[in-house]
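Colleague: Take a look at this one; I'll ask things after.
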Amino acid sequence: MVRFATVTVILLLGLPGAAQQPSKSEQFFGKEEVARQVGLHEKGCKKGDAGECFNLALAHEQGLAGPKDEARAATLYKKACDKGHLDACNNLGVAYVEGRGVKKEPKQALPLFEKTCKAEDAKGCFNVGLAHAAGHGVPPDAARAATFFEKSCGKGHAEACFRFGLAYAQGHGVKKDEARAATLFSQACEAGSAPGCSVLGGAYMAGAGVQRDLARGVSLFERACDAGLPGGCYNLGMAHQRGHGVAKNPERARGFIQKACDLGLPPACEALRAASKTP
(Lines give C-alpha, C1' and ligand atoms only; values in the text may rest on other atoms or scores of the structure.)
Protein backbone atom coordinates (compact mmCIF):
# COMPACT_ATOMS: atom_id res chain seq x y z
CA MET A 1 0.00 0.00 0.00
CA VAL A 2 1.25 3.47 -0.87
CA ARG A 3 1.90 5.55 2.23
CA PHE A 4 2.46 9.25 1.76
CA ALA A 5 4.68 11.04 4.25
CA THR A 6 2.92 13.13 6.89
CA VAL A 7 3.85 14.83 10.13
CA THR A 8 1.80 13.36 12.98
CA VAL A 9 3.43 14.49 16.20
CA ILE A 10 2.63 17.77 17.93
CA LEU A 11 3.88 19.35 21.13
CA LEU A 12 3.48 17.01 24.13
CA LEU A 13 4.17 13.90 22.03
CA GLY A 14 0.70 14.20 20.50
CA LEU A 15 -0.27 10.85 19.06
CA PRO A 16 -3.64 9.31 18.18
CA GLY A 17 -5.25 7.57 21.14
CA ALA A 18 -7.38 4.45 20.98
CA ALA A 19 -11.12 4.91 20.73
CA GLN A 20 -12.69 5.82 24.08
CA GLN A 21 -9.25 5.73 25.72
CA PRO A 22 -7.02 8.60 26.88
CA SER A 23 -4.45 9.59 24.27
CA LYS A 24 -0.78 8.87 24.98
CA SER A 25 -0.33 12.59 25.55
CA GLU A 26 -3.10 12.57 28.17
CA GLN A 27 -1.66 9.49 29.82
CA PHE A 28 1.78 11.09 30.03
CA PHE A 29 0.96 14.72 30.79
CA GLY A 30 -2.62 14.57 32.07
CA LYS A 31 -5.83 15.65 30.39
CA GLU A 32 -5.80 19.16 31.85
CA GLU A 33 -2.28 19.92 30.58
CA VAL A 34 -3.11 18.65 27.09
CA ALA A 35 -6.25 20.79 27.05
CA ARG A 36 -4.19 23.81 28.14
CA GLN A 37 -1.69 23.26 25.33
CA VAL A 38 -4.45 22.85 22.74
CA GLY A 39 -5.93 26.13 24.00
CA LEU A 40 -2.59 27.85 23.45
CA HIS A 41 -2.42 26.48 19.91
CA GLU A 42 -5.90 27.84 19.24
CA LYS A 43 -5.02 31.31 20.56
CA GLY A 44 -1.82 31.37 18.52
CA CYS A 45 -3.62 30.28 15.39
CA LYS A 46 -6.21 33.06 15.79
CA LYS A 47 -3.30 35.51 15.89
CA GLY A 48 -2.09 34.17 12.54
CA ASP A 49 0.76 31.95 13.67
CA ALA A 50 1.13 29.25 11.00
CA GLY A 51 2.90 26.84 13.33
CA GLU A 52 0.14 27.08 15.91
CA CYS A 53 -2.51 26.50 13.22
CA PHE A 54 -0.58 23.40 12.18
CA ASN A 55 -0.39 22.12 15.75
CA LEU A 56 -4.09 22.79 16.22
CA ALA A 57 -4.85 20.88 13.03
CA LEU A 58 -2.92 17.89 14.38
CA ALA A 59 -4.83 18.12 17.65
CA HIS A 60 -8.16 17.94 15.81
CA GLU A 61 -6.96 15.16 13.52
CA GLN A 62 -5.69 13.08 16.43
CA GLY A 63 -8.60 13.74 18.78
CA LEU A 64 -6.66 15.80 21.32
CA ALA A 65 -9.09 18.72 21.08
CA GLY A 66 -12.17 16.56 21.61
CA PRO A 67 -13.61 14.06 19.12
CA LYS A 68 -11.51 13.62 15.99
CA ASP A 69 -12.46 16.22 13.39
CA GLU A 70 -10.63 15.65 10.12
CA ALA A 71 -12.62 18.33 8.29
CA ARG A 72 -11.56 20.95 10.83
CA ALA A 73 -7.99 19.66 10.63
CA ALA A 74 -7.97 20.03 6.84
CA THR A 75 -9.23 23.61 7.12
CA LEU A 76 -6.47 24.43 9.57
CA TYR A 77 -3.82 22.72 7.43
CA LYS A 78 -4.89 24.93 4.54
CA LYS A 79 -4.69 28.04 6.70
CA ALA A 80 -1.17 27.12 7.81
CA CYS A 81 -0.13 26.06 4.30
CA ASP A 82 -1.31 29.39 2.85
CA LYS A 83 1.07 31.04 5.32
CA GLY A 84 3.96 28.93 4.06
CA HIS A 85 4.03 26.06 6.58
CA LEU A 86 5.48 23.17 4.55
CA ASP A 87 4.40 20.33 6.86
CA ALA A 88 0.85 21.66 6.72
CA CYS A 89 0.96 21.64 2.91
CA ASN A 90 2.17 18.03 2.93
CA ASN A 91 -0.52 16.91 5.38
CA LEU A 92 -3.21 18.72 3.40
CA GLY A 93 -1.98 16.98 0.26
CA VAL A 94 -2.24 13.59 1.97
CA ALA A 95 -5.75 14.50 3.10
CA TYR A 96 -6.71 15.09 -0.55
CA VAL A 97 -5.13 11.82 -1.64
CA GLU A 98 -6.92 9.80 1.05
CA GLY A 99 -10.13 11.82 1.34
CA ARG A 100 -9.59 12.67 5.01
CA GLY A 101 -11.75 15.62 5.94
CA VAL A 102 -11.99 16.75 2.32
CA LYS A 103 -13.30 15.26 -0.90
CA LYS A 104 -10.83 12.74 -2.32
CA GLU A 105 -9.10 14.69 -5.09
CA PRO A 106 -5.52 13.56 -5.83
CA LYS A 107 -5.15 16.29 -8.44
CA GLN A 108 -5.41 18.83 -5.64
CA ALA A 109 -2.62 17.10 -3.75
CA LEU A 110 0.16 17.16 -6.33
CA PRO A 111 0.60 20.97 -6.43
CA LEU A 112 0.86 20.96 -2.64
CA PHE A 113 3.57 18.30 -2.69
CA GLU A 114 5.37 20.11 -5.52
CA LYS A 115 5.29 23.34 -3.53
CA THR A 116 7.08 21.73 -0.60
CA CYS A 117 9.55 19.87 -2.81
CA LYS A 118 10.52 23.12 -4.52
CA ALA A 119 11.22 24.46 -1.04
CA GLU A 120 13.68 21.54 -0.60
CA ASP A 121 11.46 19.55 1.76
CA ALA A 122 12.37 15.84 1.65
CA LYS A 123 8.83 14.67 2.51
CA GLY A 124 7.37 16.78 -0.26
CA CYS A 125 9.76 15.33 -2.86
CA PHE A 126 9.01 11.82 -1.63
CA ASN A 127 5.28 12.47 -1.94
CA VAL A 128 5.69 13.85 -5.47
CA GLY A 129 7.55 10.65 -6.32
CA LEU A 130 4.76 8.49 -4.88
CA ALA A 131 2.14 10.48 -6.81
CA HIS A 132 3.96 9.84 -10.09
CA ALA A 133 4.62 6.19 -9.21
CA ALA A 134 1.01 5.44 -8.28
CA GLY A 135 -0.69 7.77 -10.75
CA HIS A 136 -2.32 9.98 -8.13
CA GLY A 137 -3.47 13.05 -10.02
CA VAL A 138 -1.15 12.33 -12.96
CA PRO A 139 -0.54 9.40 -15.34
CA PRO A 140 1.89 6.88 -13.81
CA ASP A 141 5.48 7.72 -14.73
CA ALA A 142 8.15 5.48 -13.18
CA ALA A 143 11.07 7.49 -14.55
CA ARG A 144 9.73 10.77 -13.19
CA ALA A 145 8.96 9.09 -9.87
CA ALA A 146 12.54 7.86 -9.63
CA THR A 147 13.93 11.39 -10.06
CA PHE A 148 11.92 12.61 -7.08
CA PHE A 149 12.83 9.57 -4.97
CA GLU A 150 16.46 10.32 -5.76
CA LYS A 151 16.07 13.96 -4.72
CA SER A 152 14.33 13.02 -1.47
CA CYS A 153 16.83 10.26 -0.70
CA GLY A 154 19.62 12.77 -1.16
CA LYS A 155 18.04 14.79 1.64
CA GLY A 156 18.08 11.77 3.96
CA HIS A 157 14.50 10.46 3.59
CA ALA A 158 14.74 6.75 4.45
CA GLU A 159 11.66 5.53 2.58
CA ALA A 160 12.65 7.52 -0.50
CA CYS A 161 15.99 5.67 -0.53
CA PHE A 162 14.07 2.40 -0.21
CA ARG A 163 11.74 3.27 -3.11
CA PHE A 164 14.68 4.45 -5.21
CA GLY A 165 16.42 1.15 -4.45
CA LEU A 166 13.34 -0.77 -5.58
CA ALA A 167 13.40 1.16 -8.84
CA TYR A 168 16.94 -0.08 -9.52
CA ALA A 169 16.18 -3.60 -8.29
CA GLN A 170 13.18 -3.90 -10.61
CA GLY A 171 14.30 -1.67 -13.46
CA HIS A 172 11.33 0.68 -13.03
CA GLY A 173 12.12 4.08 -14.50
CA VAL A 174 15.88 3.40 -14.37
CA LYS A 175 18.18 0.73 -15.78
CA LYS A 176 18.19 -2.35 -13.57
CA ASP A 177 21.26 -2.37 -11.34
CA GLU A 178 21.30 -4.75 -8.37
CA ALA A 179 24.50 -3.34 -6.91
CA ARG A 180 23.11 0.19 -6.95
CA ALA A 181 19.87 -1.13 -5.46
CA ALA A 182 21.75 -2.81 -2.60
CA THR A 183 23.63 0.40 -1.84
CA LEU A 184 20.36 2.31 -1.64
CA PHE A 185 18.73 -0.36 0.52
CA SER A 186 21.70 -0.09 2.88
CA GLN A 187 21.30 3.67 2.97
CA ALA A 188 17.57 3.28 3.66
CA CYS A 189 18.18 0.72 6.41
CA GLU A 190 20.76 2.91 8.16
CA ALA A 191 18.33 5.84 7.98
CA GLY A 192 15.62 3.81 9.74
CA SER A 193 13.67 2.02 7.00
CA ALA A 194 12.70 -1.46 8.22
CA PRO A 195 11.67 -2.55 4.67
CA GLY A 196 15.10 -1.41 3.51
CA CYS A 197 16.76 -3.66 6.11
CA SER A 198 14.57 -6.63 5.18
CA VAL A 199 15.11 -6.33 1.43
CA LEU A 200 18.83 -5.81 1.94
CA GLY A 201 18.82 -8.99 4.02
CA GLY A 202 17.26 -10.81 1.10
CA ALA A 203 19.96 -9.42 -1.19
CA TYR A 204 22.68 -10.82 1.08
CA MET A 205 20.89 -14.17 1.19
CA ALA A 206 20.73 -14.34 -2.61
CA GLY A 207 23.97 -12.53 -3.42
CA ALA A 208 22.01 -9.96 -5.42
CA GLY A 209 24.23 -6.92 -5.93
CA VAL A 210 26.39 -7.87 -2.93
CA GLN A 211 28.63 -10.79 -2.00
CA ARG A 212 26.48 -13.56 -0.54
CA ASP A 213 26.57 -13.49 3.26
CA LEU A 214 23.86 -15.51 4.98
CA ALA A 215 24.79 -14.41 8.50
CA ARG A 216 24.60 -10.77 7.44
CA GLY A 217 21.20 -11.48 5.92
CA VAL A 218 19.95 -12.92 9.21
CA SER A 219 21.16 -9.90 11.18
CA LEU A 220 19.27 -7.59 8.82
CA PHE A 221 16.09 -9.67 9.12
CA GLU A 222 16.47 -9.41 12.92
CA ARG A 223 16.74 -5.65 12.65
CA ALA A 224 13.61 -5.45 10.52
CA CYS A 225 11.68 -7.81 12.79
CA ASP A 226 12.70 -5.86 15.90
CA ALA A 227 11.23 -2.79 14.18
CA GLY A 228 7.90 -4.60 13.84
CA LEU A 229 8.05 -5.41 10.11
CA PRO A 230 6.04 -8.60 9.45
CA GLY A 231 8.14 -9.55 6.41
CA GLY A 232 11.32 -9.23 8.43
CA CYS A 233 9.98 -11.63 11.07
CA TYR A 234 8.80 -14.09 8.41
CA ASN A 235 12.18 -14.03 6.64
CA LEU A 236 13.91 -14.51 9.98
CA GLY A 237 11.67 -17.45 10.76
CA MET A 238 12.40 -19.08 7.41
CA ALA A 239 16.16 -18.60 7.96
CA HIS A 240 15.90 -20.46 11.29
CA GLN A 241 13.71 -23.11 9.70
CA ARG A 242 16.14 -23.78 6.86
CA GLY A 243 19.38 -23.14 8.72
CA HIS A 244 20.41 -20.31 6.43
CA GLY A 245 23.00 -18.17 8.19
CA VAL A 246 22.00 -19.61 11.55
CA ALA A 247 21.64 -23.07 13.11
CA LYS A 248 18.37 -24.82 12.31
CA ASN A 249 15.88 -24.25 15.09
CA PRO A 250 12.25 -25.20 14.29
CA GLU A 251 10.98 -23.81 17.60
CA ARG A 252 12.54 -20.38 17.08
CA ALA A 253 11.43 -20.45 13.47
CA ARG A 254 7.82 -20.99 14.48
CA GLY A 255 8.05 -18.16 17.01
CA PHE A 256 9.18 -15.65 14.40
CA ILE A 257 6.64 -16.85 11.85
CA GLN A 258 3.92 -16.60 14.51
CA LYS A 259 5.00 -13.02 15.19
CA ALA A 260 4.75 -12.25 11.48
CA CYS A 261 1.25 -13.75 11.42
CA ASP A 262 0.25 -11.75 14.51
CA LEU A 263 1.48 -8.61 12.73
CA GLY A 264 -0.91 -9.35 9.87
CA LEU A 265 1.16 -11.15 7.19
CA PRO A 266 -1.10 -13.71 5.43
CA PRO A 267 1.73 -15.94 4.04
CA ALA A 268 3.03 -16.38 7.59
CA CYS A 269 -0.39 -17.48 8.83
CA GLU A 270 -0.69 -19.85 5.88
CA ALA A 271 2.73 -21.33 6.67
CA LEU A 272 1.64 -21.98 10.26
CA ARG A 273 -1.57 -23.68 9.11
CA ALA A 274 0.34 -25.82 6.63
CA ALA A 275 2.84 -26.83 9.32
CA SER A 276 0.04 -27.83 11.71
CA LYS A 277 -1.34 -30.24 9.09
CA THR A 278 2.03 -31.91 8.47
CA PRO A 279 2.30 -35.27 10.27
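The values are calculated or read from the model by the stated rules, or taken from the named source; none is laboratory data. Values in this document were obtained by computation on a predicted structure and should not be read as measured data. Methodologically, a virtual Cβ is constructed for each residue, glycine included, from the backbone with ideal geometry; neighbour enumeration extends over all protein chains shown. In case anyone asks, the SASA skips ligands and DNA or RNA and just uses the protein heavy atoms, side chains included. Shrake-Rupley method; radii C 1.70, N 1.55, O 1.52, S 1.80 Å.
Colleague: Which Cα, out of Tyr77, Tyr204, Gly51, lies furthest along the positive dipole direction of the chain (beta carbon charges, K/R +1, D/E -1)?
Modeller: Selected residue: Tyr204.
Colleague: Counting only heavy atoms of the protein chains, get the accessible area per residue of the range 32-128 (1.4 Å probe) and round it to a whole Å² value.
Modeller: Averaged over the residues of the range 32-128, the accessible area is 45 Å².
Colleague: Among the lysines, which fall within straight-line cross-link reach of Lys79, defined as a Cα-Cα distance under 25 Å, with same-chain neighbours fewer than 8 residues apart omitted?
Modeller: Lys43, Lys46, Lys47, Lys68, Lys103, Lys104, Lys107, Lys115, Lys118, Lys123
Colleague: Something else about it: Using the alpha-carbon atoms, what tilt in degrees (0 to 90, nearest 10) does helix 250-262 show relative to the longest principal axis of the chain?
Modeller: 30 degrees
Colleague: Another question about this same structure. How large is the accessible surface of His136 in square angstrom, using a 1.4 angstrom probe and rounding to the nearest 10?
Modeller: Roll a 1.4 Å probe over it and His136 shows about 50 Å².
Colleague: For Lys47 and Gln211 in the same chain, what is the full-extension length gain: residue separation times 0.36 nm, less their Cα-Cα distance, in nm?
Modeller: Gain on extension, Lys47 to Gln211, equals 53.1 nm.
Colleague: Could you work out [θ]222 nm for the chain from helices alone, using -39500 (n - 2.57) per DSSP H run of at least four and dividing by all its residues? Round to the nearest 500 deg cm²/dmol.
Modeller: -21500 deg cm²/dmol
Colleague: For the range 60-145, what is the Kirkwood hydrodynamic radius in Å, using each pair of distinct C-alpha atoms?
Modeller: 12.9 Å
Colleague: Next question, about the same structure. If the cut-off is a Cα-Cα distance under 16 Å, which aspartates and glutamates reach Lys155, setting aside same-chain residues fewer than 8 apart in sequence?
Modeller: Asp87, Glu114, Glu120, Asp121, Glu190
Colleague: To continue, here is another question. Would you kindly calculate the mean projected area, averaged across all directions, of the convex hull enclosing the Cα atoms of the chain, in square nanometres?
Modeller: That works out to 16.8 nm², a quarter of the Cα hull's surface.
Colleague: Can you tell me the orientation of helix 31-46 relative to the chain, as the angle in degrees between its alpha-carbon axis and the longest Cα principal axis, to the nearest 10?
Modeller: Long axis of 31-46 versus the principal axis of the chain: about 60 degrees.
Colleague: Kirkwood-based Rg over Rh for the range 220-269 (C-alpha set), two decimals?
Modeller: Ratio of gyration radius to Kirkwood radius for the range 220-269: 0.94.
Colleague: A follow-up question, please. Hey, if you put +1 on the Cβ of every Lys and Arg and -1 on every Asp and Glu Cβ in the range 178-279, which of Ser276, Asn249, Leu214 ends up farthest toward the positive end of that dipole?
Modeller: Looking along the dipole axis, the top candidate is Ser276.
Colleague: Can you list the GluC sites (Glu not before Pro) in the range 110-213 that are in a DSSP coil and have 12 or fewer other beta carbons within 10 angstrom?
Modeller: Those that pass, being in a loop and sparsely packed, are Glu120.
Colleague: Under 26 Å between alpha carbons, and skipping anything fewer than 8 positions from Lys277 in its own chain: which lysines qualify?
Modeller: Within the straight-line limit of under 26 Å, Lys277 reaches these lysines: Lys248, Lys259.
Colleague: Taking the Cα centre of the chain as origin, sum charge times position over the Cβ atoms of Lys and Arg (+1) and Asp and Glu (-1), and report the length of that vector in debye to the nearest 20.
Modeller: I would put it at about 400 debye.
Colleague: Separate question: Restricting attention to the range 96-127, which trypsin sites (Lys or Arg not before Pro) occupy a DSSP loop and are surrounded by at most 10 other Cβ atoms within 10 Å?
Modeller: Listed in order of number, the matching sites are Lys103.
Colleague: Quick one: pull the percentage of alpha-carbon pairs in the range 149-260 with a separation above 20 Å.
Modeller: I get 38 percent for the Cα pairs in the range 149-260 exceeding 20 Å.
Colleague: Now for a different question. Would you please name the trypsin sites (Lys or Arg not before Pro) within the range 180-250 that are DSSP coil residues with at most 11 other C-beta atoms within 10 Å of their C-beta?
Modeller: none
Colleague: Continuing with the same structure: Along the principal axes of its C-alpha atoms, what lengths does the range 67-204 span, in descending order and rounded to whole Å?
Modeller: Computed over the range 67-204, the largest-to-smallest principal extents equal 48, 30, 26 Å.
Colleague: Please give the net charge around Arg252, taking every other residue with its beta carbon less than 13 angstrom from that of Arg252, where Lys and Arg add +1 and Asp and Glu add -1.
Modeller: +2
Colleague: Over the range 57-104, one equal point on each Cα, no solvent: what is log10 I(q)/I(0) by the Debye formula at q = 0.25, 0.28 Å⁻¹?
Modeller: Here the Debye-derived log intensity ratios amount to -0.82, -0.98.
Colleague: Expressed as a whole percentage, what fraction of the accessible surface of the range 31-118 belongs to carbon and sulfur atoms when a 1.4 Å probe is rolled over the protein heavy atoms? Let's see the in-between values first.
Modeller: On the way: 2070 of 4240 Å².
The C+S portion of the solvent-accessible surface of the range 31-118 is 49 percent.
Colleague: Taking the Cα atoms only, what angle lies between the long axis of helix 214-226 and the longest principal axis of the chain, rounded to 10 degrees?
Modeller: Around 30 degrees separate the two axes.
Colleague: Quick check: net charge around Leu56, other residues with Cβ under 10 Å of its Cβ, Lys/Arg +1 and Asp/Glu -1?
Modeller: 0
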